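Presented below is the structure to which this report refers.
Since every read-out is calculated from the coordinates, none of them should be taken as a lab result. This one's a predicted model, so the numbers in the text were calculated from it and none came from an experiment. Please note: Cβ atoms are built from the backbone with ideal geometry, for glycine as well, and neighbour counts cover all protein chains shown.
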Amino acid sequence: MPVLLVPAGSRAAAQAALDAGADAIYVGLKGFSRGGSRNELTAPELQDVLVAAHAQGRHVQAALNTIPRQAERRDLVEKVGELIGWGIDGVIVNDAGLVAELRSRYPRLGITASIGCVVMNEADVAFYRDLGADAVVLPGTLTPDEIAAFAQVPGVVIEVMVHMVDEFILLGRCWMPSYYQMNQALPAPLGSSGGRLLGSVKRGGAGVCFKICEQPWELYRGVRCVVTRLLPSRQISAINHLADLLNAGVDVIKLQGRSLAPDLVAPLVRRYRLAIDAWMAGEPLPAFAESCLEPSWTVMRR
Amino acid sequence: MAPAFELNTTISNLRDLTESDLSPYDAIYLGNITCRLYEGNLLEHLDDLREAIAILKGQGQKAYVSTYTTPRNNDLPQIQKVVAAAVEAGADAVEVHNLGVLKIVHEAHPDLAVHIGGFANVYTDVGAAVLKRYGAVRITPNYELSLEEIGEIQREVGLPMELLVHGKMPLGISDDCWLLEYEQTWGVPCPALCRQELFLKQGDWAMKSIGKGVLSGKDVCLLEHLRRLMTGGHACFRVEAASESPAYRLEIGRVYREALEAALSGSDGLKGQWWDTIRHHARIGLCNGFYFGTSGMAYHGVQSPGADAAEAQRSGVGQ
């Protein structure tokens, strides 16, 4: 039975997702998640969300997808132990070494290899499974045929980010922003009030993605500027191709967007709930009016 | 007795190999890692790859064979052929950027020396330790790491770290080639498109586009810091020149060969003509990458040949 896994950047968004039919939600934890401090939950907020979700038989994952610096790794590993005590259902991490270390330290913990691990072929799937990942997240740019091959790899859950931004550079393979600029207002390091892991943009801690790939660039051919343009990127929504993905053996339908407000999360989740339920009932999936959502529904808003 | 250091560079195709004087280098990475369609890519032309390995061995140089950064399923069979050909032809190591490929290589050739490339995202000692179990004997850590962090990984894991000491630093890789949009407009078909001099600029910031890949516009330059690198226990140094001219490979390689030998003998002296050569080949300017914990385009050093006040301010560099 496919699982609908939905982002929540606040308690209100989590509640909206649960009310709209999410089987599971994933949240950021203050100080430990990519994307900066916005859209992360404090410890009490996460505990509230866990209670609310578990009361309805739903699961909660914590996106701990900052890659820590050497000295910070112990803090992250200890924090995971704390989360297990709170009843977390799984964590999402972004580094092969962390997958192996967490598996060794917490044998029963649910571990997902983040989309930042850049799993793009079936050998990648098997690699992360062998390290101890229970699940891998694939980008929605892969074809159903590719995903069907991945689903043949035994012993690992296949998640596909069906609603996401396909950026100019692959997620997990970009360090353009930090080439240009480091965050000038570095937050406090972990261990102090309001502290966080001091990672780079790729690592997701202190670094901020300046969205440079969404700004106009001048393209020079030799010494001549030939055009000023935006770099290619697009919002992907597989809502009208969901049956192909589910038939390919996808276990988890995942949506991107911890930045989405509750009033945007709810209709998005309802659409995917409707489509998944139709597929499970063996009925034709409803044809949605647009394959891409309205601009206001997209993470990039364009 | 093992040599005290290794200077290496990258060659994409047989033409670049035969047209370049690679005498300053101890070893060469063969193949273009960003795109299967790259002109004459050694990773697609196995006879050329075998010939390239034979040429290098005949010159007394080591031959390393690279593999693609982000292969999809339909790329894996070709990679398996490349690795088999590399082994058969006596390559000294293969370079792997993709962890699935690492698994495949290790299972098929458990005794083959594997170098981990910069796109493999080694950020931590535990990550490096995992890859060591899969046969890694050398690691290029992710370019975002500082020398301090790289040193910690080296000490914890006990593997040599390879450092890009000069050239345009990879900043990212895409699954698609956006330059194909310009085939008709410019009348330049693939694979000639990405061999042009193409830069993306925004204010004082520049990146070089090579189609699927994006490189720093400025050349990373660690000429002033070679003694520090050696004192820190580093001995594997790369001049990244896959997208450069034969003259670049030769002249920059000569500068670094001389400078490394000088550093090895304890000399801090920097010759003026070295800077002349480096400035001549640096189209946009020079930077230090992320080695000193600041933004990748900052330059640290007494010579400051590529720095300006705005950069220093932006990156928090106070010198």
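Here the relative contact order of segment B:85-160, from alpha carbon pairs under 8 Å that lie six or more residues apart, stands at 28 percent. Converting phi to 3J(HN,Hα) with the Karplus coefficients 6.51, -1.76 and 1.60 and the offset θ = phi - 60°, segment A:113-118 yields 7, 4, 4, x, 6, 6 Hz in sequence order, with x at every glycine or proline.
Working from Cα pairs under 8 Å separated by at least six residues, relative contact order for chain B is 17 percent.
Stretch A:Arg103-A:Ala261 to full length: gain in nm at 0.36 nm per residue minus the Cα-Cα span?
On the way: separation 158, 0.36 × 158 = 56.88 nm, distance 3.34 nm.
Full extension from A:Arg103 to A:Ala261 adds 53.5 nm.
Between B:Met169, B:Met207, B:Met297, the GNM of chain B built on Cα springs shorter than 10 angstrom shows B:Met207 fluctuating the most.
Among A:Leu76, A:Leu246, A:Leu170, the residue with the largest mean-square fluctuation in a Gaussian network model of chain A, with springs joining Cα atoms closer than 10 Å, is A:Leu170. Spin-label model, A:Val223/B:Glu39: points 7 Å from Cα along the beta carbon direction are separated by 2.2 nm. Taken one residue at a time, the phi angles of segment A:47-55 give Karplus couplings (6.51, -1.76, 1.60, θ = phi - 60°) of 5, 4, 5, 4, 4, 5, 5, 5, 4 Hz. Gly and Pro are set to x. With the cut-off at under 16 Å, measuring from each backbone N in segment B:17-43 to a point 7 Å along the Cα-to-Cβ line of B:Ile55 picks out B:17-32, B:39-43. Exceedance of the 26 Å cut-off in Cα-Cα distance is limited, within the set B:Lys62/B:Lys103; A:Lys30/B:Lys201; B:Lys103/B:Lys212; A:Lys211/B:Lys212, to A:Lys30/B:Lys201.
List the longest stretch of chain A that has no exposed loop site; here a site is one of the chymotrypsin sites (Phe, Trp or Tyr not before Pro) assigned by DSSP to anything other than H, G, I, E or B, with at most 16 other Cβ within 10 Å. Walk me through the numbers before you get to the answer.
Working: sites that count: A:Phe210, A:Phe288.
Longest run free of exposed loop sites: A:1-209.
Given a Förster radius of 22 Å and the C-beta distance between B:Ala4 and B:Lys271 as r, what FRET efficiency does 1/(1 + (r/R0)^6) yield to the nearest 0.05?
Details: r = 20 Å, r/R0 = 0.91.
Result of the calculation: an efficiency of 0.65.
Dividing the helix sum by the residues of the protein assembly as shown, where each DSSP H run of 4 or more adds -39500 (n - 2.57), gives a mean residue ellipticity at 222 nm of -9500 deg cm²/dmol. By DSSP, the beta bridges lying fully in chain B are antiparallel in about 35 percent of cases.
Taking 7 Å steps out from each Cα toward its Cβ at A:Gln215 and B:Glu107 produces label points 4.5 nm apart.
What FRET efficiency comes out for B:Asp47 versus B:Lys132 if R0 is 41 angstrom and r is the Cβ-Cβ distance? Round to the nearest 0.05.
Computed FRET efficiency for B:Asp47 and B:Lys132 comes out at 0.75.
Among beta bridges from DSSP that stay inside the protein assembly as shown, the antiparallel ones total about 35%. For chain B, a Gaussian network of Cα nodes joined below 10 Å ranks B:Leu215, B:Leu22, B:Leu46 by mean-square fluctuation, and the top entry is B:Leu46.
Secondary structure note: in chain A, about 20% of the DSSP beta bridges are antiparallel. At an R0 of 41 angstrom, the distance between the Cβ atoms of B:Asp175 and B:Thr18 translates into a FRET efficiency of 0.85. Out of the trypsin sites (Lys or Arg not before Pro) in segment A:70-117, which ones are loop residues according to DSSP with at most 10 other C-beta atoms within 10 Å? Passing sites in segment A:70-117 are A:Arg108. Put simply, the amide H of A:Val3, placed in the peptide plane, has neighbours under 5 Å in A:Val252, A:Ile253, leaving out anything fewer than 5 places away on its chain. Our summary gives segment A:3-297 a relative contact order of 22 percent, counting only alpha carbon pairs under 8 angstrom and 6 or more residues apart.
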